[in-house]
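No value in this document is a laboratory result; all are computed from the given coordinates. Computed from a predicted model, the values in this text were never measured in an experiment. Counting neighbours? That spans all protein chains shown, and the Cβs are built from the backbone with ideal geometry, glycine included.
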Amino acid sequence: RSLVSLNQIHIFKMAESGDDKITLVSKDGEKIAVEAKIKEMSGLVKNILEDQDPTEDINVESIDSATLKSVVSYCEHHNYTNPEPLRKPLPSNKLEDFLDAWDNEFVTGFDDDGLLNVVNAANFLDIKPLVDICLAKIACMFKGRSFIGSPKEEKK
């Protein structure tokens with residue numbers, strides 16, 4: 001016979017009732033309702049839901065609400081399933097050569113600070129495909145550039 005945890009029973013009852021949302025709370029206190037199946041993409045959420053009642057809020061104190069909404073938007077677009085991993089090494093320094101149009105537009109829509117916020121949030125939430133496309137964007141920004149010598153030396 002198998003043991004079933006109370007959490008598994010609660011999740012099953014949530015699925016039966018159609019109540020399949022969880023609440024993420026950003027560092028600025030905004031509550032964001034999201035599909036519970038985000039756990040399929042987020043290792044952190046998956047681990048938390050194994051130990052916590054799914055009706056309890058999940059605090060993600062290191063992520064501001066705007067960034068959290070962007071991360072949730074990425075997960076929603078991918079229907080809470082991990083897309084195919086990026087080819088490595090990157091085939092080009094042009095994102096459009098290896099990212100689909102939506103992912104390309106998503107990741108290029110951030111300024112440098114926004115991109116760093118998203119990559120940090122994705123890393124914190126353990127959403128590897130989002131970390132990968134953000135890092136690919138950063139890598140493409142530097143691919144082919146020379147970093148020999150400091151800016152002062154280059155001016156001489």
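Tabulated results
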| read-out | value |
| --- | --- |
| Projected label distance in nm at L44 and E30, using a 7 Å step from Cα toward the beta-carbon | 1.6 nm |
| Spacing of the two label points (7 Å from each Cα toward its C-beta) at K88 and E56, in nm | 3.5 nm |
| Whichever aspartates and glutamates have a C-alpha closer than 14 Å to that of K31, once near sequence neighbours (fewer than 8 apart) are set aside | E56, D57, E61, D64 |
| Spacing of the two label points (7 Å from each Cα toward its C-beta) at A101 and L116, in nm | 3.3 nm |
| Cross-link table K27/K137; K69/K128; K37/K128, entries beyond 23 Å C-alpha to C-alpha | K27/K137 |
